[in-house]
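First the structure, in the form of structure tokens, and then the observations on it.
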Amino acid sequence: MHTYEVLVDIKECLEIASDSCRSETARYEIDAESKDKVDRLAREQARSDHPQGIEYDIRVTRLLR
């Protein structure tokens, strides 16, 4: 098991019909057996934390442990 640092750029719209969206970057430390699983786990965590997100751009930045 390894711990990866992941940055997720999130575009969130509070109202679907609205043009007012905001972007932010969330940082996660994800424990996974391989880098392939990190993307899926990071996306699940970001969707849970930001349910109104319409775009999620995931970047695995480094191996922490």
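The values are calculated or read from the model by the stated rules, or taken from the named source; none is laboratory data. As the structure is a prediction and not an experimental result, all values here were calculated from the model. Cβ placement follows ideal geometry from the backbone for every residue including glycine, while neighbour counts extend to all protein chains displayed.
Looking only at the stretch 12-65, which residues are in a strand (DSSP E or B), surrounded by 15 or more Cβ atoms within 10 Å (Cβ to Cβ) and under 11 Å from the mean Cα position of the chain (by Cα)?
Ala26, Tyr28, Ile30, Gly53, Tyr56, Ile58, Val60
What are the residues in the stretch 1-11 that are more than 9 Å from the chain's Cα centre (by Cα) and of a type outside the set (Asp, Glu), if any?
To start, the set of residues in the stretch 1-11 that are more than 9 Å from the chain's Cα centre (by Cα) comprises 1-5, 11.
Answer for the stretch 1-11, where residues must be more than 9 Å from the chain's Cα centre (by Cα) and of a type outside the set (Asp, Glu): Met1, His2, Thr3, Tyr4, Lys11.
Could you count how many residues in the stretch 1-23 are charged (D, E, K, R) and at pLDDT 95 or above?
2
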